[in-house]
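Novice: Sharing a structure below in structure tokens format, with a few things to ask.
The values are calculated or read from the model by the stated rules, or taken from the named source; none is laboratory data. Please read all numbers here as calculations on a predicted model, not as lab measurements. Note that each Cβ is placed from the backbone with ideal geometry, even for glycine, and that neighbours are counted across all protein chains shown. Protein only, heavy atoms only, side chains kept; ligands, DNA and RNA dropped before computing areas. Shrake-Rupley method; radii C 1.70, N 1.55, O 1.52, S 1.80 Å.
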Amino acid sequence: MYLIESKRNGEWIYDPGMAMALQEYVKDHIFLDDDVLFPYMMQPAVQIGKFQNAYEEVNQPYMDAHDIKIIRRETGGGAIYLDDRNMSFCFLFDGSTDIHGNYARLYEPVVKALENLGVEHLEQKGRNDLVLDGKKISGAAMTLQNGRVYAGYSLLLDPNYEAMVSVLNPNQKKIKSHGIQSVRSRVGSIRPHLAPEYQEMTVWDFTDYMICQLLEITNVSEAKRYELTPEDWAGVDKIAAEKYNNWDWNYGRFNEFEYRLTERFSIGTISVGLTIEHAKIAALQITGDFFGTKDIKDVEEALVGVRLRKEDLLKALRPLNLNNYFGKLTNEELVSFILSEKV
């Protein structure tokens with residue numbers, strides 16, 4: 001098995017979009033004579049499944065406040081929070097093996113490796129989770145493309161519970177959608193279950209250990225490697241820019257959904273019903289018992305076709321004085337309401 005590290009010019013890549021683009025480029029353009037392992041670590045990010053509605057999965061105000069990105073992957077499954085306290089592992093396997101759809105088989109080397117560190121009571125549970133003492137420490141995903149199985153999972157050595165709980169706790173909108181929603185599971189941690197002699201392992205010690213176990217070598221220096229060429233990196237950059245670091249892919253890929261909100265303001269009650277297509281407002285209706293001197297349709301028409309993103313909504317409303325439509329209400333208050341920042 002080849003090792004392809006998420007490194008460029010000897011430095012680890014922490015940008016979530018670049019890490020995902022590297023994997024996709026290799027998956028689609030580099031065909032070697034053996035399977036491939038990609039270890040990767042990200043700056044704080046939420047990785048959502050290919051068929052999920054981003055707005056149902058994350059607390060966007062919390063993400064904005066803490067500079068947490070969202071990345072839509074090419075495989076299915078649910079939303080996971082990733083950061084630089086835990087390592088993730090991705091693979092390309094020969095499609096002729098029996099591993100496609102066999103999550104127990106995928107996790108088998110991990111279970112053995114963790115047991116060697118003193119971790120007990122591991123089990124592969126449900127469709128794609130690895131559970132330790134009843135708590136989830138890993139979730140896996142895989143797909144079959146170009147005759148190869150593209151699979152991956154994260155291993156929660158030191159999860160940031162506060163960030164994980166906050167970011168994966170979406171603000172409550174009454175959303176009607178056909179997106180595949182995540183099943184919220186109790187999350188555990190690997191470190192407390194390590195044998196005493198391994199308690200001081202850093203995330204890098206843990207990563208090197210896992211690489212050696214997965215590649216069946218005694219030292220990372222023995223790994224069989226593929227080094228990306230400048231032409232390869234140009235291809236990775238292109239994918240990152242056009243896809244994984246592109247708002248339309250991460251938020252706008254989901255086709256259509258609807259939601260409705262009602263909030264009591266000092267000027268009265270406002271209710272908003274929205275139809276969203278590819279993360280843009282396709283239809284909007286504003287009702288309530290507020291008092292205004294101008295037709296509310298001006299506000300509705302100004303927002304139709306606008307991305308469901310704070311800066312875009314504020315820009316669209318800039319030409320309007322909302323006091324003429326609602327009474328004393330600012331653009332910021334209306335946009336925060338639409339984005340469910342008022343809860």
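Novice: Going by the conditions given, is I137 under 22 Å from N169 (Cα atoms), at pLDDT 90 or above and either within 24 Å of the chain's Cα centre (by Cα) or open to solvent by 60 Å² or more (accessible area, probe 1.4 Å) (or both)?
Specialist: For I137, the condition - under 22 Å from N169 (Cα atoms), at pLDDT 90 or above and either within 24 Å of the chain's Cα centre (by Cα) or open to solvent by 60 Å² or more (accessible area, probe 1.4 Å) (or both) - is met.
Novice: Would you tally the residues in segment 204-240 being among the hydrophobic types (A, V, I, L, M, F, W, C) and open to solvent by less than 20 Å² (accessible area, probe 1.4 Å)?
Specialist: Total meeting the criteria: 7.
Novice: Regarding segment 11-19, can at least one residue be identified that is of a type in the set (S, T, Y), closer than 21 Å to V203 by Cα and open to solvent by less than 20 Å² (accessible area, probe 1.4 Å)?
Specialist: no
Novice: Shifting gears a bit: Of the numbered conditions (1) more than 30 Å from A240 (Cβ to Cβ); (2) at pLDDT below 90, G118 fails exactly one; give the number of that condition.
Specialist: Against the list (1) more than 30 Å from A240 (Cβ to Cβ); (2) at pLDDT below 90, G118 comes up short only on (2).
Novice: Can you find, within segment 6-21, the residue that is nearest to the chain's Cα centre (by Cα) among those that are over 14 Å from S88 (Cα atoms) and outside any loop (DSSP other than H, G, I, E, B)?
Specialist: My answer is G17.
Novice: Mind listing whichever residues of segment 101-133 are open to solvent by 40 Å² or more (accessible area, probe 1.4 Å), farther than 14 Å from Y153 by Cα and assigned to a loop (DSSP other than H, G, I, E, B)?
Specialist: Result: N116, E120, H121, G126, D133.
Novice: What's the total number of residues in segment 309-340 that are of a type in the set (G, A, S) and modelled with pLDDT of 95 or more?
Specialist: 1
Novice: Here's another thing I want to ask about it. Residue by residue through segment 223-259, note down the ones that are out of contact with any Ser or Thr (no Cβ under 7 Å at 6 or more places or on another chain) and under 30 Å from K328 (Cα atoms).
Specialist: Y259
Novice: Given (1) in a loop (DSSP other than H, G, I, E, B); (2) open to solvent by less than 30 Å² (accessible area, probe 1.4 Å), identify the lone condition not met by F31.
Specialist: Every condition holds for F31 apart from (2).
Novice: I'm told K328 meets every condition in (1) out of contact with any helix residue (DSSP H, G or I) (no Cβ under 8 Å at 6 or more places or on another chain); (2) surrounded by 19 or more Cβ atoms within 10 Å (Cβ to Cβ); (3) more than 30 Å from M18 (Cβ to Cβ) except one. Can you identify the failing condition by its number?
Specialist: Here K328 meets the rest and fails (2).
Novice: I would also like to ask the following. Counting only residues that are open to solvent by 40 Å² or more (accessible area, probe 1.4 Å) and assigned to a helix (DSSP H, G or I), how many does segment 140-164 have?
Specialist: 2
Novice: Of the residues V306, V299, which is among the aliphatic types (A, V, I, L, M), closer than 23 Å to A54 by Cβ, at pLDDT 95 or above and open to solvent by less than 70 Å² (accessible area, probe 1.4 Å)?
Specialist: V306
Novice: Output the residues belonging to segment 263-296 that are over 19 Å from D248 (Cα atoms), open to solvent by less than 40 Å² (accessible area, probe 1.4 Å) and of a type in the set (G, A, S).
Specialist: Residues satisfying the conditions are G268, S271, G273.
Novice: Which pairs have Cβ atoms under 8 Å, sit 6 or more apart or on different chains, and link a residue in segment 185-197 that is assigned to a loop (DSSP other than H, G, I, E, B) to one that is open to solvent by less than 50 Å² (accessible area, probe 1.4 Å) and among the basic types (K, R)?
Specialist: Between residues of segment 185-197 that are assigned to a loop (DSSP other than H, G, I, E, B) and residues that are open to solvent by less than 50 Å² (accessible area, probe 1.4 Å) and among the basic types (K, R), the close pairs are S185/K136; R186/K136; G188/K136.
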